[in-house]
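> Below you will find the structure I want to go over with you.
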Amino acid sequence: MNLNIMVGGEAGQGVQSVGFLLAKAFARGGYHVFADQDYESRVRGGHNFYRVRISDSKVGAITETVDILLALNNESISLHAEKMTDSGVIVFNGGEGQEIQNTGNLLNAPLEALSIEQAGSKLMANTVAFGVAMGLIHYEQKIIKEVLQEHFGTDEIGEKNVVAAISGYDYAIRKFNGEFGSILNSIGDGNKMLLNGNEAIALGAIAAGCTFMAAYPMTPASSIMEYLAGKSEELGLVVIQPEDEISAINMAIGAAFAGTRAMTATSGGGFCLMVEGLGLAGMTETPLVVVDAQRPGPAIGLATRTEQSDLQFAIHASHGEFPRVVLAPANVEEAFWLSVKAFNLADKYQLPVILLTDQHLASSYSTVDKFDLSQVSIDRGLLYEEDQATSMEVYNQHKITHSGISPRAWPLPDHALVVTDSHEHDEEGHLTEDANTRTRMMLKRLRKSESLQEEIASPHVYGPDKAEITLIGWGSTYGALRETVDILGGRGVDINLIHFSEIWPFPIQTVPELLNNTKQSYVVENNATGQLAQLIRSETGIKITSSILKFDGRPFTPSYIIEKLKEEGI
């Protein structure tokens, strides 16, 4: 069972509120949900829409067809009518849209009138539309009331929203009964969580023991800071919004140097400003987690859209050479678990770890099973024991070791003076320009990459181990690519998927063998230059057959990928 609902309107009409309420209501009824939002970078006006996909099996991507369109303005009808399924219905407000012809079933619902009549204000017309959608499928009113009260509260405002929604529900039953053929009842206990990627990252950071975050707001990363700030009093977190991204990363480095698990989060433009700080963490060997939630660039680009164009930037950011880790979660579950891994790797190897996400993953909601916190382990790495000080005259913050990892002490312990410098330094941490010391310290830091290779997971293979056609992706494209393999595999196409979530250091030991198991390979990524394809060739010498690239600011859908493969003769 698949049901696709879209809410369309302009900023200020409550499109996001209705979309989230729909997603939450279906999740509460035991369904699998995937929901994304498309919005312009403006407070009011412009066209926004919110898509919610509901299924009785796990889904990880949006489809391009629509079964129910809640059109809060006339523009939504003209823009999306062609996407309606044959049995789809369009719910519109009052007399609007009557001039639209041949667009499926047009259901005229007096959204504003019902809102004024039942709630005393037209501001709840969007909640009436939510009720109409629920009435069309005869969804359980108990669940509707629960999610509304959780969202708006149980005071007067909350009660008015409940009344508005039920008025829309009753109107749909009374006027449109039978117009939409599907009836949905709850199918489970609703025990799944409904999270977006940013919320999952924030929860992963909390589970990993992060207690400090400094960040400057930048879409689409801002809600990580907002979520942690909302939990700061309850959990004893320190969340700071400084004057800019430069201050943010330096504050996080300072906190991490003092022994706190610390992070910052931004998008590509803010990450540009953080690059010098990233080098500081590399030189001082300070653990640090940085989230880069990508959006199209350069400059401001498309501030509220998605893209995967920072891959090569993240791998090579900052001047000079130093090891770092780049992780790119595929979905909400991985956003949680890779956040935990990021903090552990940062501490264990005393270096910066970059979590590379994008707007699509950051703001899309998905139902996930509750995280098993018993599987969370905390690894603070190689720590300096104070009782060792009796046999050592001086503590060496940057002691040269075979692994490149030095025993780490927090500042101001009883027996260790912790010293470091942003200049090249000796083992004690003091500035030096000695050529031999410089060489030894560079090699010491770079030796970490040898052990790091063993920490990086191989790309995930979905489908048969060997296939005539292999799709290759990274990060948030996973859901659309996996469904593409399911659809084409069901049609008899010999196809599989190789997907990267842990990208740097590059998993060189396993990738060549995986790519040698196919005849045709297609990298699918949201950028214009095929950055993963370039990385694969530079690291393995293997040239990918072709690339399917999308850089219009919108995410991939399975139907888009399939259409492009058809153009390739598949």
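No lab work stands behind these numbers, since they all come straight from the coordinates. Keep in mind it's a predicted model, so treat the numbers as computed, not measured. When we count neighbours, we look across all protein chains shown, and the Cβ atoms used for this are built from the backbone with ideal geometry, even at glycine.
> Just for segment 2-176, what percent of DSSP beta bridges are antiparallel, to the closest 5? Mind showing how you got there, number by number?
Values: 17 of 31 bridges.
Of those bridges, close to 55 percent are antiparallel.
> In debye, nearest 20: dipole of the chain around its Cα centre with unit charges on the Cβ of K, R (+) and D, E (-)?
Values: 42 positive and 71 negative charges, 198 e Å.
Value, rounded to 20: 960 debye.
> Go through segment 168-277 and name the trypsin sites (Lys or Arg not before Pro) that are in a DSSP coil and have 16 or fewer other Cβ atoms within 10 Å of their Cβ. Intermediate values should be presented prior to the final figure.
On the way: sites: R174, K175, K192, K231, R261; in loops: K192, K231, R261.
When the trypsin sites (Lys or Arg not before Pro) of segment 168-277 are filtered for loop state and at most 16 Cβ neighbours within 10 Å, K231 remain.
> Here's another thing I want to ask about it. I'd like to compare 516-527, 120-131, 178-189: which one has the highest average count of other Cβ atoms within 10 Å, and what's the full order after that? Display every interim value, and only then the final one.
Working: 516-527: 20.2, 120-131: 24.8, 178-189: 12.7.
Averaged packing, sorted descending, gives the order 120-131, 516-527, 178-189.
> Counting only helical runs of four or more DSSP H residues, what would the 222 nm mean residue ellipticity of the chain come to if each run contributes -39,500 (n - 2.57) and the total is spread over all its residues? Show your work: numbers first, answer last.
Working: 20 runs with 216 residues, N = 570.
Taking each H run of at least 4 residues, the total per residue is -11500 deg cm²/dmol.
> What number, in percent, do you get for the relative contact order of segment 194-367 if the mean sequence gap of Cα pairs under 8 Å and at least 6 apart is divided by its residue count? Each step should come with its number before you reach the end.
Values: 389 pairs, mean separation 52.3, N = 174.
This gives 30 percent for segment 194-367.
> Set the Förster distance to 51 Å, then compute FRET efficiency between T401 and D189 from the Cβ-Cβ distance, nearest 0.05. Don't skip to the end; give the middle numbers.
Working: r = 52 Å, r/R0 = 1.02.
For R0 = 51 Å, the calculated efficiency reads 0.45.
> Need one number: % antiparallel among DSSP beta bridges in segment 194-367, to the nearest 5. Please report the intermediate quantities before stating the final value.
Numbers: 3 of 22 bridges.
About 15 percent, rounded to the nearest 5.
> What shape does segment 386-453 take by its C-alpha gyration tensor, where a ≥ b ≥ c are the square roots of the eigenvalues and a/c under 1.5 counts as rounded, a/b above b/c as prolate, and the rest as oblate?
Oblate, because a/c is 1.5 or more while a/b does not exceed b/c.
> Using Cβ contacts closer than 10 Å as the measure, can you line up L114, L288 from fewest to most?
Values: L114 27, L288 31.
Ordered by Cβ neighbours within 10 Å, fewest first: L114, L288.
> Residue separation times 0.36 nm, minus the C-alpha to C-alpha distance between E234 and Q453: what's the value?
Details: separation 219, 0.36 × 219 = 78.84 nm, distance 3.77 nm.
The span from E234 to Q453 would gain 75.1 nm if fully extended.
> Which of the trypsin sites (Lys or Arg not before Pro) across segment 311-378 are loop residues per DSSP, with 15 or fewer other Cβ within 10 Å?
Here the trypsin sites (Lys or Arg not before Pro) that fit, given the DSSP loop and packing criteria, are K370.
> Another question, then. Of all DSSP beta bridges in the chain, what percent run antiparallel (nearest 5)?
Details: 29 of 78 bridges.
About 35 percent, rounded to the nearest 5.
> Give me the number: length gained by fully extending E140 to N2, i.e. 0.36 nm times residue separation minus the C-alpha to C-alpha distance, one decimal in nm. Write out the running numbers ahead of the final one.
Numbers: separation 138, 0.36 × 138 = 49.68 nm, distance 1.81 nm.
Computed gain between E140 and N2 is 47.9 nm.
> Still on this structure, I have one more. Once the dipole of the chain is set up with Lys and Arg at +1 and Asp and Glu at -1 on Cβ about the Cα centre, which of G381, I157, L22 lies farthest towards its positive end?
Result: L22, furthest along the dipole toward the positive end.
> OK, next. Between E276 and T154, what FRET efficiency comes out of the Förster formula 1/(1 + (r/R0)^6) with R0 = 41 Å and r the beta carbon distance, rounded to 0.05? Walk me through the numbers on the way to the answer.
Values: r = 50 Å, r/R0 = 1.21.
That gives a FRET efficiency of 0.25.
> By its C-alpha gyration tensor, with a ≥ b ≥ c as the square roots of the eigenvalues, how is segment 323-371 shaped: rounded for a/c under 1.5, else prolate for a/b larger than b/c, else oblate? Don't skip to the end; give the middle numbers.
On the way: a/c = 4.03, a/b = 1.76, b/c = 2.29.
Oblate.
> Let me ask something else. Which order do peptides 541-552, 32-43, 300-311, 159-170 fall in by mean Cβ count within 10 Å, highest first?
Per-residue mean Cβ counts within 10 Å order the peptides as 159-170, 300-311, 32-43, 541-552.
> Related question: Roughly speaking, what is the centre-to-centre gap between segment 150-171 and segment 273-300 when only Cα atoms are used, to the nearest Å?
If you average the Cα positions of each part, the centres end up 44 Å apart.
> Taking the Cα-to-Cβ direction at V493 and at L443 and moving 7 Å from each Cα, how far apart do the two end points lie in nm?
So the label points at V493 and L443 sit 5.1 nm apart.
> Expressed in nm to one decimal, what extension gain is obtained for the pair E468 and L79 from 0.36 nm per residue of sequence separation less their Cα-Cα distance? Walk me through the numbers before you get to the answer.
Numbers: separation 389, 0.36 × 389 = 140.04 nm, distance 3.85 nm.
The span from E468 to L79 would gain 136.2 nm if fully extended.
> Extending each Cα 7 Å along its Cβ direction at S41 and N108, get the distance between those two points in nm, one decimal.
A separation of 4.1 nm, rounded to one decimal place.
> Is the C-alpha gyration tensor of segment 337-469 telling us rounded, prolate or oblate? Criteria: a/c under 1.5 is rounded; beyond that, a/b larger than b/c is prolate, otherwise oblate. Let's see the in-between values first.
Details: a/c = 2.55, a/b = 1.87, b/c = 1.36.
Here segment 337-469 falls in the prolate category.
> In whole angstrom, how far apart do the alpha carbon centroids of segment 1-72 and segment 204-260 sit?
One Cα centre to the other: 30 Å.
> Can I ask one more? When the dipole is taken about the Cα centre of segment 460-567, and only Lys, Arg (+1) and Asp, Glu (-1) are charged at their Cβ, what size is it in debye, to the nearest 20? Provide the component values of the computation, followed by the final result.
Details: 10 positive and 12 negative charges, 42 e Å.
For segment 460-567, the charge dipole is close to 200 debye.
> Let me ask you something else. Can you give the relative contact order of the chain as a percent, counting alpha carbon pairs under 8 Å and 6+ residues apart?
On the way: 1276 pairs, mean separation 66.6, N = 570.
Value for the chain: 12 percent.
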